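Please read the structure below before turning to the comments.
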2 protein chains.
Amino acid sequence: MDLDTVRTFVAAAGAGQFQEAAAELAVTQQAVSKRIAALERDLGVRLFTRTPRGAELTIDGQAFLPHARELLRAAERAVASVRAGSRPLRVDVITSRSAQSGLMRDFHRAHPEIELDVVMLFDIEKALAAIRSGAIDVSFRAVAAPGRPLPEDVESVRVLDEALQLLTGPAHALAGARSVTVAQLAGHRIWMPGIVPGTEWAAYYDDLVAEFGLTIEATGPNFGSDALLDTVADTPALATFMGEQTRLVWPAGHGLRRIPVTGPTPVYPHSLLWHRDNPHPALATLRDHLAAVAAGHGAPGTWAPDWAIAR
Amino acid sequence: MDLDTVRTFVAAAGAGQFQEAAAELAVTQQAVSKRIAALERDLGVRLFTRTPRGAELTIDGQAFLPHARELLRAAERAVASVRAGSRPLRVDVITSRSAQSGLMRDFHRAHPEIELDVVMLFDIEKALAAIRSGAIDVSFRAVAAPGRPLPEDVESVRVLDEALQLLTGPAHALAGARSVTVAQLAGHRIWMPGIVPGTEWAAYYDDLVAEFGLTIEATGPNFGSDALLDTVADTPALATFMGEQTRLVWPAGHGLRRIPVTGPTPVYPHSLLWHRDNPHPALATLRDHLAAVAAGHGAPGTWAPDWAIAR
DNA sequence: ACCCAGCCACAACCAGCGGTTGTACGCATA
DNA sequence: TATGCGTACAACCGCTGGTTGTGGCTGGGT
């Protein structure tokens, strides 16, 4: 099916006749007639009843019309998503399940008229390059990675400290605990196969390990969170870390436990990054929104790496 | 833009390489390469970075991908809307602003998973023919028109009695009234240019006029409800009837008044019609829903034509 | 009553889009 | 260094989808 054909259908339905639609589309009446005939052949139904002074929609045509319009709108949005200038606000997040996505969902609920596109870049280096080139508008990242200060044309604000929780199966030694201290975790196997070396969040976990003497295994291929949850649920000696706001969908009955960590609580420092000169009109709205909902950071009893910028 | 091209893009993005996508689509790798190149040329952006062992999405490609998927879903829905068997429930209403649309909005809220298509047929005769032929599944109509009993293979249930209200401009003689009686309306000019002779709702107003000695003018072309409201707002001697649930969007400041009518209150008897043997799975759900929300009909102090079937 | 205006469908023709095969190139890996 | 894998470019060609030309139908004006 061709979008030009759909456009022709909508034009003909609106005009009530092929001739006028043809003029509108700058083609001949015969071309419109052939396009409509082809569409009717493809769909297997008659869309118009031809009359001596025009063409009016059949019932099938009436039912098809709103879907055709929606199809054209979807095409318009798709094209707009890559149009330079006046494209949707383009946001980089770490994963689709992170707290960052939750923030963006909230923002979307508050401002449904603002078009958003979400992308997932490799790490903060890529994100910074994309921000400076204008390929993306904002990024949610922990900044800055050790020894790599932010370039001066990129601004940032810390928007959320997300507490890490321990995730265990029902047979884990700590499964019954209301909460655990970081010190208690030393000696336990913590498995995080999703960690990709070289990223800023890998650096975060490196610091966490170094600070509290934990054991985090990043070995083995990452088959996705489903496989991770399956394994953790079935392996008594295995646990993993997970942001408190991470949305999980796992099969019921696995008996997974989310256990708060204290003494101190490791928090992941989400910051919003953007280019100083980015003119996108939705950027200010997003910054205002996040400023309004942002919880305080550096709260007592929490831990984050030294290099996490606190502004 | 061609949907086959979009499908190719989605397949290539999913596969991570053109070769595999080509196999999936049963075309050659060269064809995929050309399609993607054409799409990139159309959009004016690069969607993939070609690597020696595949092709991965650029940032633009990542942003475009969900829109492309949505485009394909929209196309799927469009085709499904006219597919014989297992198509969306097809509902006939009088106008998009009527109380019937409100009922369908409620139903959609209660059952968002049920696909609906709304069409607007000329009158109950067309609706009955469409119901019997299977072209539509259900119809909201006042039944039956005088002297025309429902065929025995069509069933109906009265789902809503909608009170009529008087709509006037701020300078109308009755503009200040909290309510008016039908008797008070005799002698006033009531203008309803939307009435189409031969329809069952024209018959309704004919009966209303005959019963209470009213004057309803249906003269003049119908330029739509906006023009009607404009004229009524500006003409002190003119009023019109409107269903109490009719949703209006009129420019603010017109000072339009909606005045309840009593003694008795004319009500428009909306019934649901369907074919006895219609197997559509959503039909029973709709009937159950309407049965649950249906207000009683034939309430004391209301008036409807004799021929309105009371079941 | 008849003719013409207006609109759609069919036929013939042709350009170019979009497919195929064949080939070259680049980069990983053994 | 050779080989495998994946992409891009070139040449070729069939068929889709446009155009012009024409005929048929119907309702309204003369």
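Tabulated data
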item	result
A:Tyr268 long-range amide H proximity, modeled H, under 5 Å	A:Glu162, A:Ala163, A:Leu164
Efficiency of FRET from Cβ geometry, A:Phe223 and B:Arg53, R₀ 25 Å, rounded to 0.05	0.75
Solvent-free Debye scattering, log10 I(q)/I(0), computed from the Cα coordinates of the protein assembly as shown at q = 0.07, 0.10 Å⁻¹	-0.67, -1.06
For the axis carrying chain A to chain B: nearest C-beta residue of A, whole Å	A:Ala74, 2
Pair-distance profile P(r), taking every C-alpha pair of the stretch B:103-165, with 10 angstrom steps and integer %	17, 46, 32, 5
Average silhouette area of the stretch A:27-95, convex hull of alpha-carbon atoms, in square nanometres	8.0 nm²
Pairs of Cα atoms farther than 24 Å apart, the stretch B:29-145, %	51 percent
Cα principal axis extents for the stretch A:256-304, largest first, Å	43, 26, 17
The stretch A:159-311: mean projected area of Cα convex hull, nm²	10.6 nm²
Relative packing of A:88-99, B:256-267, B:26-37, which averages over residues the other C-beta atoms within 10 Å, highest first	A:88-99, B:256-267, B:26-37
Geometric extent, Cα atoms of the stretch A:129-169 - Rg, Dmax (angstrom)	14.2, 46
Segment B:Ala299-B:His111, length gained on full extension (0.36 nm per residue, minus Cα span)	64.8 nm
Net length gained if the chain between A:Arg77 and A:Thr215 were fully extended (0.36 nm per residue, minus Cα distance)	45.0 nm
For B:Pro264, inter-copy label distances in nm, listed shortest first [label point 7 Å out on the Cα-Cβ vector]	7.7
Chain A - convex hull of the alpha-carbon atoms, volume per residue in Å³	182 Å³
Directionally averaged shadow of the stretch A:64-125, computed from the convex hull of its alpha-carbon atoms, nm²	5.7 nm²
Environment charge at B:Phe107 (Cβ cut-off 15 Å; Lys +1, Arg +1, Asp -1, Glu -1)	-3
The stretch B:85-206 - convex hull of the alpha-carbon atoms, volume per residue in Å³	147 Å³
Chain B: DSSP helices with Cα axial extent of at least 24 Å and average Kyte-Doolittle hydropathy no lower than 0.0	B:59-80
Charge sum, other residues only, whose C-beta stays under 11 Å from B:Trp303's C-beta, Lys/Arg counted +1 and Asp/Glu -1	-4
Copy-to-copy label separations for A:Arg189, where each label sits 7 Å from Cα toward Cβ, in nm and ascending	9.0
Sites B:Arg178 and B:Thr231 - FRET efficiency at Förster radius 25 Å, r taken between beta-carbons, to 0.05	0.55
Within the stretch A:139-195, GluC sites (Glu not before Pro) in DSSP loop having at most 10 other beta-carbon neighbours inside 10 Å	A:Glu152
Under 5 Å, built H, 5+ apart or other chain: amide partners of B:Glu217	B:Ile190, B:Trp191, B:Met192
Loop-located chymotrypsin sites (Phe, Trp or Tyr not before Pro) in the stretch A:144-246 whose Cβ has at most 13 other Cβ within 10 Å (DSSP)	A:Phe223
Set of the stretch A:60-103 residues, backbone N closer than 19 Å to the point 7 Å along the Cα-Cβ line of A:Arg132	A:92
Cut-off 20 Å, label 7 Å out along Cα→Cβ of A:Arg148, residues of the stretch A:252-286 by amide N	A:268-276
Inter-copy label distances at B:Arg178 (7 Å, Cα→Cβ; nm, one decimal)	6.0
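Here, each number is a calculation from the coordinates, and none is a lab measurement. It should be emphasised that the depicted structure is a prediction, and the values quoted were computed from it without experimental measurement. When we count neighbours, we look across all protein chains shown, and the Cβ atoms used for this are built from the backbone with ideal geometry, even at glycine.
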